[in-house]
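The values are calculated or read from the model by the stated rules, or taken from the named source; none is laboratory data. Computed from a predicted structure; not experimentally measured. Counting neighbours? That spans all protein chains shown, and the Cβs are built from the backbone with ideal geometry, glycine included.
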Amino acid sequence: MDKSALRARALAARAAGGDGDALTRHLIAALAPHGGKILSGYWPMRGEPDPRPAMAAHDGPVCLPVVPGKAVPLVFRRWQGEPLVPGPFGTSHPPDSQPVLSPTVLIVPLAGFDRRGNRIGYGGGYYDRTLQMLRESGQVTAIGMAFAVQELPDIPADPFDQPLDLVVTDRGHILPQP
């Protein structure tokens, strides 16, 4: 099955949803060892699970991604609850007046995931480019956030795809096994 068909399957499953409260509890527990580190979350859209309660509980700086252009890595701006501005592709992000931060822990949105830590996003490659850049400059932890129903049996990985270090679902944590 090609990635676009897998993406459609995972997004249809995501529409069924899951236990948002359990997902939040599991994400807060997964983030607990990363206190004090710069955390990137995301502003949910298109039925994505909501990371904002876990972001609010994080003991450290929080930032949100900004899409600066097509086919380039994301930029992250500090977010402390101020109003967001609209970005491309229906995204929302902090205004340019907020400082740019370099996260070491990222909550990564996704359409689907497998048990090897592969993910399918929306097809733009933004998180793959960003994770590659961040990993080249230091230790980074990428945590996928999804409802358990978004799990796929096997996602084909291309050479440029960046794996997740952990997947958090409403049923618990999945430590990827290559």
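Within segment 156-176, being among the aliphatic types (A, V, I, L, M) and buried (at least 22 other Cβ atoms within 10 Å of the Cβ) holds for 164, 167, 168. Please go through segment 109-153 and give me each residue that is within 22 Å of residue 72 (Cβ to Cβ) and among the hydrophobic types (A, V, I, L, M, F, W, C), ordered by number. Those that are within 22 Å of residue 72 (Cβ to Cβ) and among the hydrophobic types (A, V, I, L, M, F, W, C): 110, 111, 120, 131, 133, 134, 140, 142.
Listed by first and then second residue, the pairs with beta-carbon distance under 6 Å, at least 6 apart or on different chains, first residue in segment 121-133 and of a type outside the set (S, T, N, Q), second in a helix (DSSP H, G or I) and modelled with pLDDT of 90 or more, are 121/127. Before we move on, is residue 112 under 16 Å from the mean Cα position of the chain (by Cα), under 25 Å from residue 16 (Cα atoms), crowded, with 23+ Cβ neighbours inside 10 Å and in contact (Cβ under 8 Å) with a residue 24 or more places away in the chain? Yes, satisfied.
Restricting attention to segment 124-155, the residues that are exposed (fewer than 15 other Cβ atoms within 10 Å of the Cβ) and not in a loop (DSSP other than H, G, I, E, B) add up to 2. Assess whether residue 76 counts as being touching a Cys at 6+ places or on another chain (Cβ under 6 Å) and either crowded, with 22+ Cβ neighbours inside 10 Å or acidic (Asp, Glu) (or both). Considered against the rule, which asks whether it is touching a Cys at 6+ places or on another chain (Cβ under 6 Å) and either crowded, with 22+ Cβ neighbours inside 10 Å or acidic (Asp, Glu) (or both), residue 76 comes out as yes. Being small (Gly, Ala, Ser) and in contact with a Leu (Cβ under 9 Å, 6 or more places away or on another chain) holds for only one residue in 112, 138, 123, 172, and it is 112.
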